[in-house]
Every structure is written in C-alpha cells, then in structure tokens.
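Report on one structure; see the data block that follows.
The values are calculated or read from the model by the stated rules, or taken from the named source; none is laboratory data. Keep in mind that this is a model prediction, so the values were computed, not measured. Don't worry about glycine lacking a Cβ; one is built from the backbone with ideal geometry, like all the others, and counts go over all protein chains shown. Remember, those area values only see protein heavy atoms, side chains included, never the ligands or the DNA or RNA. Shrake-Rupley method; radii C 1.70, N 1.55, O 1.52, S 1.80 Å.
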Amino acid sequence: AQRVTQPEKLLSVFKGAPVELKCNYSYSGSPELFWYVQYSRQRLQLLLRHISRESIKGFTADLNKGETSFHLKKPFAQEEDSAMYYCALSDIQGGSEKLVFGKGMKLTVNP
Amino acid sequence: DVKVTQSSRYLVKRTGEKVFLECVQDMDHENMFWYRQDPGLGLRLIYFSYDVKMKEKGDIPEGYSVSREKKERFSLILESASTNQTSMYLCASRAKYNEQFFGPGTRLTVL
C-alpha cells in the first residue's frame, strides 16, 4: 500500500541551525512527492515538489529512490519557518489521482 | 490566484444532527477532496471526486457522504453527527497532475 512516513512529530531548533525533516515513502510506481506547509492560522500550501527541483524559502528536498526518502532540508533555519510540515505522495491508480499525506511534523525555530 | 472557499470557519452541532460542509473552487479544477485534520494523525482523506457526479471513497469514509452536482462545488455531509467527528475539515481542489490548493478549513465541534 502507498504510505508516507514522517518519523518525527516535533523538531525544535535555534535560529541559524540546520534542519532536516525526514520523509520516507512506499510506492509501487514512479513516485511524485511534495512538501506542504501550514503556518499558524494559515491554510495548507505547497512548499515544493520534487519534479520542479527548486529551492523555496531556502528549503530543498531530494528524492532518493534507493532509500525511498524525500527529506526536506534548510541550512539555516529562520523563526518564520516555524510551522507544520507535511510530506505527500501522489497516488495515481485506476485513472484517479489523490495525495497521500504523512502525519506531519511541527517545526519550532527558537530565537 | 486559485480560491478554495469553505462555507464556515467554525461550526457547532449536536449529536445526531445532519451537517453540511460546503466547498467552492473557482479555477475549474476537475479534482476535489475532503480531508479531516487531527493532531498526531495528519490529513486523512474522506472522499474525493474527479468529475461532476463522480465520487470515490478515501481512507475514512464511514459516517460521511458527499455530493458534487456542479464542477465548482463539493459538499461533505455528516448524516448523523457524532462526537468523534469533531475535527478540522479541509477541502482541496486540484487540476490533473498539478498543485493541490486547500481551503481555510472548517472547525467542527459536535456536542
């Protein structure tokens, strides 16, 4: 079954420290992976997707098919990065398409 | 800007009541989704629809039904609300193989 695992629920770091939010997946096909972010009192929004290979707000994520991982990284965390982060996998089966989300991880960046 | 709107931000209902949650998107997206978001459980897909009058069960459809009579509108129905359906409900829409956009959420409390 398609599954997304975010092994850590909480991560607390100080401003300027590196952060890595882990995401592992299981999928039988060629995966398409995303990171979504939800800032306090805001709606969930796309942060980045692996096919675009972009760096958004200093975050990057590399798809590692061998390790079935899509970890989110930022070398120097900022206070405004504090949010809930969700890893998601696009599941295309039987002609319909849906996103499978991990359980999320709360990042707190302290001053 | 894609807009996904939900009819209420906060809703309080009593056990046994029939509850309607409405979602409207203005970008002609084929796919629409209903999730519930609970702490520690992440986003869980209730139902989704990939076309008018089409619907598919997600991971937790029990106790819910949906209606999609028009492309822009996707309704979630709780036939007989129960306290374990107290949650944040998120609607989302997505063009095929593209970014998924979320509504602001409806926090439903069932007393």
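If we keep just the residues of the stretch B:82-104 that are open to solvent by 50 Å² or more (accessible area, probe 1.4 Å) and either of a type in the set (Phe, Trp, Tyr) or touching a helix residue (DSSP H, G or I) at 6+ places or on another chain (Cβ under 8 Å) (or both), which is farthest from B:Gln6 (Cα to Cα)?
For the stretch B:82-104, the residue satisfying everything is B:Tyr97.
Quick one: in the stretch B:45-57, which of the residues that are open to solvent by less than 70 Å² (accessible area, probe 1.4 Å) and more than 7 Å from chain A (Cβ to nearest Cβ) is farthest from B:Ile77 (Cα to Cα)?
Checking each candidate, the answer is B:Val52.
Just for the stretch A:86-104: of the residues that are more than 7 Å from chain B (Cβ to nearest Cβ) and modelled with pLDDT under 85, which one is nearest to A:Leu44 (Cα to Cα)?
Among those residues, the one meeting the criterion is A:Asp91.
For the stretch A:59-76, enumerate the residues that are in contact with a His (Cβ under 7 Å, 6 or more places away or on another chain) and open to solvent by less than 40 Å² (accessible area, probe 1.4 Å).
Answer for the stretch A:59-76, where residues must be in contact with a His (Cβ under 7 Å, 6 or more places away or on another chain) and open to solvent by less than 40 Å² (accessible area, probe 1.4 Å): A:Ala61, A:Phe70.
Considering only the stretch A:18-58, how many residues are farther than 21 Å from B:Asn98 by Cβ, outside any strand (DSSP E or B) and either open to solvent by less than 30 Å² (accessible area, probe 1.4 Å) or free of Cβ contacts under 8 Å to residues at least 24 places away in the same chain (or both)?
Counting residues in the stretch A:18-58 that are farther than 21 Å from B:Asn98 by Cβ, outside any strand (DSSP E or B) and either open to solvent by less than 30 Å² (accessible area, probe 1.4 Å) or free of Cβ contacts under 8 Å to residues at least 24 places away in the same chain (or both) gives 3.
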